[in-house]
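To start, the structure itself, in structure tokens.
The values are calculated or read from the model by the stated rules, or taken from the named source; none is laboratory data. Owing to the predicted nature of the structure, the values given are computational and were not obtained by experimental measurement. As a convention, Cβ positions derive from the backbone with ideal geometry for all residues, glycine included, and neighbour counts pool all protein chains shown.
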């Protein structure tokens, strides 16, 4: 995988981390991929849902969505304060990680991502980012372990399988690499993510050759 592709992937992951941060009085959209986004629904049709996430309008097709939880919760003021504080700290860490990664300071990016895991050890995207950083550090065993941990938290994420396949291929485990990439394609098909299928099939063809 090229540096440009890796950077794009980690930027997408970091964006999702922000989107998955807890919000107050928000509907929750649960995608078929297992990802969750919280915000306020401002428009809903038979084809799509438009969500306001902290002032940003995002549109999602219903074919991508497993369900929508529109129940509004009313946390205590203390819980709200703690949530906002945690979110602020996470955003700070995310910004640090991205800056370190783009400047090829991978050791610093690694330490920053580990801080994020301490704050939220159940967020699979943190482990996905960790695996990418370990890959760039050349620590393939830890990279594999991180992706596997991410998959225990979200076994349907196609990106985890894609990166896992890339790492397996890097250490000569072509059989395992093919299995992981095929699994990634299967998950992309479930999500009807045609661009994801195209990209992953490209990696698979290179391994088969």
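Yes or no, residue by residue, for (1) modelled with pLDDT of 60 or more; (2) surrounded by 14 or more Cβ atoms within 10 Å (Cβ to Cβ):
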{"site": "46", "(1), (2)": "yes, no"}
{"site": "52", "(1), (2)": "yes, yes"}
{"site": "70", "(1), (2)": "no, no"}
{"site": "78", "(1), (2)": "no, no"}
{"site": "91", "(1), (2)": "yes, yes"}
Seminar exercise, completed: Of the residues in the range 159-208 that are modelled with pLDDT under 85 and part of a loop (DSSP other than H, G, I, E, B), the one that is nearest to the chain's Cα centre (by Cα) is 193
Exercise. Which of the residues spanning the range 162-179 are crowded, with 24+ Cβ neighbours inside 10 Å and more than 18 Å from residue 138 (Cβ to Cβ)?
Worked result: 162
Exercise. Restricting the range 103-118 to residues that are in a helix (DSSP H, G or I) and more than 18 Å from the chain's Cα centre (by Cα), which is surrounded by the fewest Cβ atoms within 10 Å (Cβ to Cβ)?
Worked result: 107
Exercise. Would the range 128-137 turn up any residue that is over 17 Å from the mean Cα position of the chain (by Cα), over 29 Å from residue 62 (Cα atoms) and in contact (Cβ under 8 Å) with a residue 60 or more places away in the chain?
Worked result: yes
For this session: Tell me which residues, restricted to the range 132-143, are at pLDDT 90 or above, touching a helix residue (DSSP H, G or I) at 6+ places or on another chain (Cβ under 7 Å) and either surrounded by fewer than 24 Cβ atoms within 10 Å (Cβ to Cβ) or at positive phi (or both).
Result: 134, 137, 140, 142
